[in-house]
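As C-alpha cells, the structure follows; a few thoughts come after it.
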Amino acid sequence: MNKKILDLIKKYNRIILARHVGADPDALGSTFALKEIIKENFPKKEVYVAGAPVSRFKFFGTHDKITDEMYENALLIALDIPDIKRLDGVDYYKFKESIKIDHHPEIDKYSDVEIIDVDASSTCELIADWCYDCNLKMPKHAAESIFMGIIADTNRFLFGANKPETYKIVLDLVEKEKVNPNELYEILYKRSMSEVRLEGFISLNMKITKNGLGFVKITDKDLKDYGVDSASVGSIMNNYNFIHGLICWVVFTEDIKNGVIRTSARSRGVKINKLFEQYNGGGHVYACGAKLKSFSEADEIIDKLDQLCMEYKEDE
C-alpha cells in the first residue's frame, strides 16, 4: 500500500492535505510533515494544508485557505481522521480521488487507497514508516513534527506505544534525522501559569461517581476567571491517567465563540469511542472528544459513561 500511495502522489500536481477538526499534535505533525516530505522529494508539486490554525501549535506550520479553484484536478490526503464529517477545511465530495492515513478505528470507508493501522502509536508513526519504506528524503523539521506527534499521542510512551516498530522509528528520528528530544519537549509541554491553575480548578471540582467516572463542567465565566480559552483543557486531560479509583474522566468546556460545549474524555479500560460517535464525535477507543449543543447533552453523556463504568467494573 505504501507504493500505491506514492504512485498516486506522483500522479497529481496539486495535493491538499486535511485532518480532523480540533487538531492535536499528531494531526498537525503528520499533516505538515507529509507536506514537507512531498515538497522535498517533488519540489514542483503544489501542496496545501487545510484547516483552522491552532495558535498553541503554530510551530508545525502555516495553514492555507482552500478556494473552489484549488479543488480542480487535486488529490486529497486525509490524515488522522476516521470519519468524513470531521474533516477540517475541505469538502471531501469535490475530490475525484483521495488517500486516507489513520490509526483510529474505522468509521467511514471513504478511500480505496489507505493505510489504517489501529496498532500504530500515531498517524505520525505511519507517515515516518511510509517515508522510510519508500526511500524518500525527510527534512529536519518534518522529522521534528513526526517526533512530537508520536510523543504527544503516546504521552511520552505511557500508552499506545505497543509495538517495537514505534521505538525503532523514534530511534531513527534521533539518530538519522538528528532530532533533539529535549528541545521538542520544551515546545510541547511548556504551559502558562493560567493553565496550571485551571488544572487545579479541574482537580478541585471533579465529581467522581461510585463507578469511577470523574466529570467536570467548565463555564465561560470559569475560563475568563482563569484567563484561558476553551482549547486549554486538551493539554490537561492525560494528567489524570493514573489516579486510584478513577477509570474514566470527562471534561465539558463551554465555548461561547463557536456555540458548542467542547468535550474531552479519557478512559483506562472502558471503551468509549462508540458512545461519542453518537454525538458527532469520536476518536480512539480510550480517548475521545465531541462538540455538544448544550450542557443537557453533557448530562446524557455523564449518565451513559457512568453506566459503561459500572458494566466494566462488573466484568473485571
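No value in this document is a laboratory result; all are computed from the given coordinates. These numbers come from a predicted model, not from an experiment. Neighbour counts run over all protein chains shown; Cβ positions are idealised from the backbone, glycine included.
Ordering Ile187, Ile99, Tyr226 by Cα displacement along the dipole of the chain toward the positive end leaves Ile187 in first place; charges were set at the Cβ atoms of Lys, Arg (+1) and Asp, Glu (-1).
The charge dipole of region 247-316, taken about its Cα centre with unit charges on the Cβ of Lys, Arg, Asp and Glu (plus for the first two, minus for the last two), comes to roughly 380 debye.
Given +1 at the Cβ of Lys and Arg, -1 at the Cβ of Asp and Glu and no other charges, the dipole of region 2-189 around its Cα centre is 480 debye to the nearest 20.
Summarising the amide proton neighbourhood of Ile218: residues at separation of 5 or more, or on other chains, whose placed amide H is nearer than 5 Å comprise Phe252, Thr253, Glu254.
Computed about its Cα centre, the charge dipole of region 88-158 is approximately 320 debye, with only Lys, Arg, Asp and Glu carrying charge at their Cβ.
Under 18 Å from a point placed 7 Å out from the Cα of Lys85 along the Cα-to-Cβ direction: which residues of region 107-124 have their backbone N that close? Residues 107-111 qualify, since their backbone N sits under 18 Å from the label point.
Sparsely packed loop sites in region 270-316 (the trypsin sites (Lys or Arg not before Pro) outside DSSP H, G, I, E and B with at most 15 other Cβ atoms within 10 Å) comprise Lys271, Lys293. Just Arg86, Arg191, Arg266 to compare: in a GNM of the chain, with alpha carbon springs under 10 Å, which one fluctuates most? Between Arg86, Arg191, Arg266, it is Arg191 that shows the largest mean-square fluctuation. Only DSSP H runs of four or more residues enter the estimate; each adds -39500 (n - 2.57), and after division by the residues of the chain the mean residue ellipticity at 222 nm equals -12000 deg cm²/dmol.
Report the Stokes-Einstein translational diffusion coefficient (µm² s⁻¹, integer) for region 193-315, Rh taken as the Kirkwood radius over Cα pairs, at 20 °C with viscosity 1.002 mPa s.
149 µm²/s
Tell me which of Val118, Asn2, Leu275 sits at the most positive position along the dipole axis of the chain, charges placed on C-beta atoms (Lys, Arg +1; Asp, Glu -1). The Cα lying farthest towards the positive end belongs to Asn2. Within region 63-169, the GluC sites (Glu not before Pro) that combine a DSSP coil assignment with at most 16 other C-beta atoms in a 10 angstrom radius are Glu72, Glu106. Shape class for region 183-225: oblate, because the ratio a/c of the largest to smallest gyration tensor axis (alpha-carbon atoms, square roots of eigenvalues) is 1.5 or more and b/c is at least a/b. Taking 23 Å as the limit for the C-alpha separation, the pairs Lys58/Lys221; Lys58/Lys163; Lys94/Lys293; Lys224/Lys257 exceed it in the case of Lys58/Lys221; Lys58/Lys163; Lys94/Lys293.
Treating each Cα of region 2-189 as an identical point scatterer and summing with the Debye formula, the log10 of I(q)/I(0) at q = 0.13, 0.15, 0.19 Å⁻¹ comes to -0.60, -0.81, -1.37.
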